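Working notes for the structure below.
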Amino acid sequence: MNYRYIFWDNDGVLVDTERYYLQASREALARVNIELSNEQFAEISLAAGRSIFDIAVASGIPEQSIAELKEWRYTRYARLLEQEEIALDGAADVLKRLHGRLGMAVVTSSQKHHFEIIHRRTEFLDYFDFCLTREDYTRSKPSAEPYLLALKQCGHAAENVLVIEDSPRGLKAAKAAGLACWVIPGHHTSAQDFAGADRILSGIRDVMQITL
């Protein structure tokens, strides 16, 4: 393998945050008497990369109310992120062992404010050359834009870059950018379609195969 650089997804790959995003989303929709199931969350948010508030739109909730719900979720999610240790088991060890051997960056759909809260306690950021958050690009995954921007910034050819993802939308974004992608299915994505992935891994420690 000739990989010289890794683009890491963040949520569900390095940190266990998706359960809190689901909780905040579910509580937000409950304020207008809409139930959000695990399956809806996985399909709408993690597979398609759409807003879960599309459910509210389809239910006839006024635009102003939806804007208020989004702001409520933004604040609620931030508070949930501050409560628990969220680094995934094995992530710190893998990053430490790969640091210095390959270049590394994070390409995430997380908003910058939430991303900063997440990594106040992980101490992961020192391992990365740069991090791209939602504010850094126009179109989010499954668009190729985030990874194309990261590819330009890292300075390596596409064939020398590997993406680590956990969702179908992330996989689609990586492949649309012409990049190899290894997938670590998570709790909410394990039953989803990862056709086209270069490898399916059982956990983050399997990424160390890159050094073999």
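Values in this text are rule-based calculations from the coordinates and carry no lab data. If you're wondering where the values come from, they're calculated on a predicted model, not measured in any experiment. Heads up, the Cβs are rebuilt from the backbone with ideal geometry, glycines too, and the neighbour counts pull from every protein chain shown.
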Of the residues in region 185-200, those that are surrounded by fewer than 23 Cβ atoms within 10 Å (Cβ to Cβ) and in contact with a helix residue (DSSP H, G or I) (Cβ under 7 Å, 6 or more places away or on another chain) come to GLY186, HIS188, GLN192, ASP193, PHE194, GLY196, ALA197
Among the residues of region 20-36, is there at least one that is in contact (Cβ under 8 Å) with a residue 60 or more places away in the chain, farther than 30 Å from LYS152 by Cβ and surrounded by 16 or more Cβ atoms within 10 Å (Cβ to Cβ)? yes
Matching residues in region 1-27 - criterion: being closer than 20 Å to SER140 by Cβ and in a loop (DSSP other than H, G, I, E, B): ASP9, ASN10, GLY12, VAL13, LEU14, THR17
Collect the residues in region 199-212 that are part of a loop (DSSP other than H, G, I, E, B) and within 18 Å of the chain's Cα centre (by Cα), keeping them in residue-number order. LEU201, SER202, GLY203
Can you name every residue in region 141-150 that is farther than 10 Å from ALA105 by Cβ and not hydroxyl-bearing (Ser, Thr, Tyr)? LYS141, PRO142, ALA144, GLU145, PRO146, LEU148, LEU149
For the structure I just gave you, tell me whether GLY90 is small (Gly, Ala, Ser) and farther than 19 Å from GLY203 by Cβ. no
Test for GLY60: is it part of a loop (DSSP other than H, G, I, E, B) and touching a helix residue (DSSP H, G or I) at 6+ places or on another chain (Cβ under 9 Å): no
Conditions (1) over 25 Å from GLN40 (Cα atoms); (2) aliphatic (A, V, I, L, M); (3) surrounded by fewer than 17 Cβ atoms within 10 Å (Cβ to Cβ): number failed by ALA176: (1)
With respect to the numbered conditions (1) without any contact (Cβ under 8 Å) to a residue 24 or more places away in the chain; (2) out of contact with any Asp or Glu (no Cβ under 9 Å at 6 or more places or on another chain); (3) buried (at least 16 other Cβ atoms within 10 Å of the Cβ); (4) not hydroxyl-bearing (Ser, Thr, Tyr), which one is the sole condition not fulfilled by ILE52? (1)
